[in-house]
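The values are calculated or read from the model by the stated rules, or taken from the named source; none is laboratory data. Since the structure is predicted, the reported quantities are computational estimates derived from the model, not experimental observations. As a convention, Cβ positions derive from the backbone with ideal geometry for all residues, glycine included, and neighbour counts pool all protein chains shown. For the accessible areas, the whole protein counts, side chains as well, though only heavy atoms, and no ligand, DNA or RNA atoms are used. Shrake-Rupley method; radii C 1.70, N 1.55, O 1.52, S 1.80 Å.
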Amino acid sequence: MVIGGHIWKQTRIERNTSGAKLRAIAERVFASYERGLATGPSETTPYSTDERHILNRWLARNSDHPALMTIGPDSAADVDAWAYLISAALSFSDSDLIFLDRDPIAVSDVEENIDDDQSAFTDGDGDA
């Protein structure tokens, strides 16, 4: 679960989870979601800024993947809604969850970006 641009909660659930066990998980996830919203944004540090940037790029590159669900206040209003969302997530097959069909970033693009970033640390003549 991502709240406010950072990873708030990760939960692993067995595929065959249903009934009372699924409801108990939904209750825990809903409580965590409410805590995350009540807590608000965390302190900004260089690490958290980097983490948010990396997460944002990954989400943007994979935004059309069916396994990513945007969850807003209306779709996560109560435990029943979370039970439904969890059931929907559990309905994906292994092949639905593969993200390997995305184009990887070319090494030359990464090297070019590193070279561009290094210019900020020089005095214009290439000296640091």
Exercise for review: Please name all residue pairs, on different chains or six or more residues apart, with Cβ atoms under 7 Å, provided the first residue is in the stretch 65-82 and is at negative phi and the second residue is open to solvent by less than 50 Å² (accessible area, probe 1.4 Å) and part of a loop (DSSP other than H, G, I, E, B).
Suggested key: ALA67/PHE92; LEU68/ASN62; ALA81/SER75; TRP82/ALA76
Check your understanding: Which of the residues that make up the stretch 1-39 are of a type in the set (Lys, Arg), part of a helix (DSSP H, G or I) and under 18 Å from the mean Cα position of the chain (by Cα)?
Key -> ARG35
Check your understanding: Quick one: is ASP80 among the charged types (D, E, K, R) and modelled with pLDDT of 85 or more?
Key -> yes
Point to revise | Pairs, first closer than 14 Å to ILE13 by Cβ and in contact (Cβ under 8 Å) with a residue 60 or more places away in the chain in the stretch 26-37, second in a helix (DSSP H, G or I) and β-branched (Val, Ile, Thr), C-beta under 6 Å, six or more apart | key: ALA26/VAL79; ALA26/ILE86
Check your understanding: In the stretch 56-64, is there at least one residue being open to solvent by 50 Å² or more (accessible area, probe 1.4 Å) and aromatic (Phe, Trp, Tyr)?
Key -> yes
Practice item. Determine whether SER42 is open to solvent by 30 Å² or more (accessible area, probe 1.4 Å) and in contact with a His (Cβ under 7 Å, 6 or more places away or on another chain). Key: yes
Revision key, fill the gap. Flagged in the stretch 66-88 as touching a helix residue (DSSP H, G or I) at 6+ places or on another chain (Cβ under 9 Å) and open to solvent by less than 30 Å² (accessible area, probe 1.4 Å), in numbering order, are ALA67, ALA76, VAL79, ALA81, TRP82, ALA83, LEU85, ILE86
Exercise for review: Would you mind stating whether ASP101 is of a type in the set (D, E, K, R) and at pLDDT below 80?
Suggested key: yes
